[in-house]
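Q: Handing you this structure, nothing more for now.
The values are calculated or read from the model by the stated rules, or taken from the named source; none is laboratory data. No experiment lies behind these values; they were computed from the predicted model shown. Note that we place each Cβ from the backbone using ideal geometry, even for glycine, and neighbour counts take in every protein chain shown.
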Amino acid sequence: MGHIILVEGADMAKDTRDRILEASLELFAKNGYAATNIKDISDAVGIVKSAFYRHFASKEEAFDAVMEMMASYYEENMGSTSRMPPVPDSMEELKQLTMKMVNFTVHDERIIQSRKLLLAEQFHDERVRDLANHYFLYGTESMFTKIFSGMMEKGIIKRCDPAILAFSYTSPITALIHLCDREPARESEAMEKLKAFIDQFTAEYDA
């Protein structure tokens, strides 16, 4: 019986820690790191401050944990150069892969909050700046560099510099995703423009 109680206690502790992280992410994204305090986070979770300190020694430690959670969640769901999706076998598969990634990043609430947090805090914290650069530029660009290189090897895409091609492909997509964040009412317009861009891109570079 004692063993069962210990297991339940561990599960409850993990649940509380996870809820602290989710509340921290939401508040940091909405109000910024400096304007959010431990009481705000505790109130959002429905716990007292002493319960917060059982999991994190400070707001900064909670922020660091949020950064780690974001990085892991993003890589798990969006991929990375070390967790590559399969190289498409056709331009149609490239379209499908791209739209799957875009639809996820535009509609997943945790990803949306993460993006807002990175944009808000990138000028105040070098770690956040580096993470923002990775997500908004280098990480996605590097992943598509490998995708395009693989598609060139398969004879699907015209041979050219895959890194430059990836840059020219991902930059407009990233811009339209940010537009959806700033003006959600224009999502339909942004998605139509995105599909038109992908159609033009695939027609131009189809081998």
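Q: Sort through THR98, THR36 and tell me the only one that's of a type outside the set (Lys, Arg), surrounded by 13 or more Cβ atoms within 10 Å (Cβ to Cβ) and without any contact (Cβ under 8 Å) to a residue 60 or more places away in the chain.
A: THR36
Q: Collect the residues in region 179-189 that are free of Cβ contacts under 8 Å to residues at least 12 places away in the same chain and part of a helix (DSSP H, G or I), keeping them in residue-number order. If you could, list the steps in order and put the result at the bottom.
A: Of all residues in region 179-189, those free of Cβ contacts under 8 Å to residues at least 12 places away in the same chain come to 179, 182-186, 188-189.
Within region 179-189, LEU179, ARG182, PRO184, ALA185, ARG186, SER188, GLU189 qualify.
Q: Follow-up. Mind checking which residues of region 137-167 are among the hydroxyl-bearing types (Ser, Thr, Tyr) and at pLDDT 95 or above? Before you say what the answer is, go through the steps one by one.
A: Going through region 137-167, the residues among the hydroxyl-bearing types (Ser, Thr, Tyr) turn out to be 138, 140, 142, 145, 149.
If the condition is that a residue be among the hydroxyl-bearing types (Ser, Thr, Tyr) and at pLDDT 95 or above, then THR145, SER149 are the ones that fit.
Q: Moving to a separate point now. Name the one entry in ASP11, ASP43, ASP18 that is farther than 21 Å from ILE112 by Cα, part of a helix (DSSP H, G or I) and at pLDDT 90 or above. Show your work before the answer.
A: Numbers: ASP11 fails: at pLDDT 90 or above; ASP18 fails: farther than 21 Å from ILE112 by Cα.
Result of the check over ASP11, ASP43, ASP18: ASP43.
Q: Another one. Considering only residues that are modelled with pLDDT of 95 or more and exposed (fewer than 13 other Cβ atoms within 10 Å of the Cβ), look in region 70-95 and name the one that is farthest from ILE112 (Cα to Cα).
A: Out of the qualifying residues, it is ASP89.
Q: Still on this structure: Tell me yes or no: at least one residue of region 160-170 is surrounded by 16 or more Cβ atoms within 10 Å (Cβ to Cβ), among the hydroxyl-bearing types (Ser, Thr, Tyr) and within 21 Å of ASP206 (Cα to Cα).
A: For region 160-170, residues surrounded by 16 or more Cβ atoms within 10 Å (Cβ to Cβ), among the hydroxyl-bearing types (Ser, Thr, Tyr) and within 21 Å of ASP206 (Cα to Cα): present.
Q: Kindly indicate whether THR36 is among the β-branched types (Val, Ile, Thr), closer than 23 Å to ALA120 by Cα and at pLDDT 90 or above. Walk me through it before giving the result.
A: On the way: among the β-branched types (Val, Ile, Thr): yes; closer than 23 Å to ALA120 by Cα: yes; at pLDDT 90 or above: yes.
So THR36 fits the description; yes.
Q: Let me ask you something else. What residue, of GLU192, GLU141, is part of a helix (DSSP H, G or I), of a type in the set (D, E, K, R) and under 24 Å from THR81 (Cβ atoms)? Reasoning before the result, please.
A: On the way: GLU192 fails: under 24 Å from THR81 (Cβ atoms).
Going through GLU192, GLU141 in turn, just one is part of a helix (DSSP H, G or I), of a type in the set (D, E, K, R) and under 24 Å from THR81 (Cβ atoms): GLU141.
Q: Can you name the residue in region 120-137 that is part of a helix (DSSP H, G or I) and without any contact (Cβ under 8 Å) to a residue 60 or more places away in the chain and is also surrounded by the fewest Cβ atoms within 10 Å (Cβ to Cβ) among such residues? Don't jump to the end; show me each part of the working.
A: Filtering region 120-137 for residues part of a helix (DSSP H, G or I) gives 120-121, 126-137.
Still in the list and also without any contact (Cβ under 8 Å) to a residue 60 or more places away in the chain: 126, 129-130, 132-134, 136-137.
On the way: GLU126: 9, ARG129: 14, ASP130: 12, ALA132: 20, ASN133: 13, HIS134: 17, PHE136: 20, LEU137: 14.
Only one residue tops the list, namely GLU126.
Q: Is region 195-207 home to any residue that is touching a Ser or Thr at 6+ places or on another chain (Cβ under 7 Å) and either among the basic types (Lys, Arg) or closer than 24 Å to TYR33 by Cα (or both)?
A: Scanning region 195-207 turns up no residue that is touching a Ser or Thr at 6+ places or on another chain (Cβ under 7 Å) and either among the basic types (Lys, Arg) or closer than 24 Å to TYR33 by Cα (or both).
Q: I want to confirm something. Restricting to region 39-69 and keeping residues that are polar (S, T, N, Q) and either surrounded by fewer than 17 Cβ atoms within 10 Å (Cβ to Cβ) or in the same structural domain as VAL128 (by TED's automatic domain parsing) (or both), which single residue is farthest from ASP125 (Cα to Cα)?
A: Within region 39-69, the first condition is being polar (S, T, N, Q), and the residues that meet it are 42, 50, 58.
Filter once more, keeping what is either surrounded by fewer than 17 Cβ atoms within 10 Å (Cβ to Cβ) or in the same structural domain as VAL128 (by TED's automatic domain parsing) (or both): 50, 58.
Numbers: SER50: 27, SER58: 17 Å.
My answer is SER50.
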